[in-house]
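Below: the structure, in structure tokens.
What follows draws every value from the coordinates through simple rules; no lab data is involved. In this text, all values refer to a predicted model and were calculated from it rather than measured experimentally. Positions of Cβ are backbone-derived with ideal geometry, glycine not excepted, and every protein chain shown enters the neighbour counts.
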Amino acid sequence: MASLTDSQTTVAELKSKILAFARERDWEQFHAPKNLSMALAAEAGELMEHFLWESAESSQTIINNPAKRIEISEELADVIIYALEFANVANLDVAEAIERKMALNAQKYPIEKAKGKSTKYTEL
């Protein structure tokens, strides 16, 4: 199997591969939006577990540890797989959703008010 890379693989290709994987195993019957959203949250929790109780600085050290990096990348992959399968089931265009959300975020967080700040938009 050829290696996929971010620079050469489209979101549509990833969604197609994930859908094919689920169909080959007859898993679509389990992939209701409710179940996929819960699985996505569970996998996000497993990703967060690697950094629980760590400082911002030590979290950077953890991500640079080669053994931990593999584990973390697998958890991230699980999160993305469930998110893309959710998009498949819900018939959502991921790129369109991101573009729309980024436009909304640009309105909520104008550069002149938000630059260099972590303040919530309601408090800018």
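Assuming R0 = 35 Å, can you tell me the calculated FRET efficiency for the pair Ser16 and Lys68, based on Cβ-Cβ distance, to the nearest 0.05? Display every interim value, and only then the final one.
Working: r = 31 Å, r/R0 = 0.88.
The computed FRET efficiency comes out at 0.70.
Summing +1 for each Lys or Arg and -1 for each Asp or Glu, what net charge is found among the other residues whose Cβ lies under 12 Å from the Cβ of Phe21?
Values: positive: Lys15, Lys17, Arg23, Arg25; negative: Glu24, Asp26, Glu28, Glu85.
Local net charge: 0.
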Relative to the first principal axis of the alpha-carbon coordinates of the chain, what is the inclination of helix 33-49, with its axis defined by its Cα atoms, in degrees from 0 to 90 and to the nearest 10?
60
On C-alpha positions alone, give me the angle between the axis of helix 94-108 and the longest principal axis of the chain, in degrees, nearest 10.
10
Kirkwood-based Rg/Rh on the Cα set of region 12-92 evaluates to 1.07
Phi angles of region 63-76, converted by Karplus (6.51 cos²θ - 1.76 cosθ + 1.60, θ = phi - 60°) into ³J(HN,Hα) in whole Hz with x for Gly and Pro, give 5, 8, 6, x, 5, 5, 4, 5, 4, 5, 5, 5, 5, 4
Normalised contact order of the chain, rounded percent, pairs of Cα under 8 Å and 6 or more residues apart:
31
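So, R0 is 35 Å and r is the distance between the beta-carbons of Ser59 and Met102; what FRET efficiency does that work out to, to 0.05?
Numbers: r = 25 Å, r/R0 = 0.72.
Once rounded, the FRET efficiency stands at 0.90.
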Run the quick spin-label model on Ser3 and Phe30: label points 7 Å from Cα toward the beta carbon, then report their separation in nm to one decimal.
3.1
At 7 Å along Cα-to-Cβ for each site, give me the label-to-label distance between Asn91 and Lys113 in nm.
3.7
